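This report refers to the structure that appears directly beneath it.
Here, each number is a calculation from the coordinates, and none is a lab measurement. All values derive from a computational prediction rather than experimental measurement. Glycine also receives a Cβ, built like all others from the backbone with ideal geometry; neighbour counts cover every protein chain displayed.
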Amino acid sequence: MATNSQRVIDLKMPKAHDVLFRTLADPTRRAIFERLCRDGDQTVGALTARAGVSQPAVSKHLAVLKQAGLVRDRHEGRQTHYSAQLSALAPLIDWTSQMAGFWQSRFDHLEDLLKRMDQ
Amino acid sequence: MSNVATEALSVVVEREIPFPSEKIWRALTQPHLIEEWLMKNDFKPVVGHGFNLRADWGVVDCQVLAVEPNKTLSYSWGVFDLESVLTWTLTPTSMGTHLRMEQSGFRPDQQRYYQGAKGGCPRFFAALEQVLARID
């Protein structure tokens, strides 16, 4: 069983993941990213039609997503197509699985306690 | 493929536990019992109550967001520069209780959040609603 001092690693969001986290914390931006995950490549125009915000706002969100490595753009004539880069999510998934490990061990402690408690 | 990012930003742990929900509720809400499986604390099952969880590596700042005895417990969980919401859900089963813990709504800590939290904490409830809206 790990000690509390080791657990600090589990609870702290590593600095390197900060950008990723801040980028996805915005609901509108996350919705745009999830649309790209679900529906594949899209233009700003297509994304704007369903985002519920203006095209400049969508473009701004896409720029932030691109900076975080979450989307890639591809120019085709006058159009720019955006696609999701799912591999960029890997650090977050690693981190959340570490958190899940922390809680699994707490669940173990909780079950041990319940066995010791009187009814 | 939907909710990829939302899933990446939340942690869910659930388990069948062979004890009644009333007993588990006590372990989740009585400070001396919480200390035995989680951390030292000054928890009270009262909405709006601010409390700390303390370990040798640091302190977790929390505030109670929702209490429904034997069913649901929710509190904010602020550690280092990151704020999230923890929600415990207890569902009776034929064998005992299905216990579910979801930690989600991760966002950077903002000092004004704590300052605004002293009163009616509407911001916390807005945040909680956001989290709940994301759960499919």
How far, in nm, would the chain grow between A:A57 and A:A90 when pulled straight, counting 0.36 nm per residue and subtracting the alpha carbon separation?
9.2 nm
Filter the cross-link list A:K66/B:K71; A:K115/B:K44; A:K115/B:K71; A:K60/B:K44 down to pairs whose alpha-carbon distance in this structure exceeds 32 Å.
A:K66/B:K71; A:K60/B:K44
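Quick one: net charge of A:M117's neighbours, Cβ under 12 Å, K/R +1, D/E -1?
Values: positive: A:K115, A:R116, B:K23, B:R26; negative: A:E111, A:D112, A:D118, B:E22, B:E36.
Net of charged neighbours comes to -1.
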Counting just the Cα atoms, what span does the stretch A:44-114 cover along each of its three principal axes? Round to the nearest Å and put the largest first.
64, 24, 15
Tail fraction, Cα-Cα pairs, chain A, threshold 16 Å, whole percent
67
Please give the net charge around B:C62, taking every other residue with its beta carbon less than 12 angstrom from that of B:C62, where Lys and Arg add +1 and Asp and Glu add -1.
-1
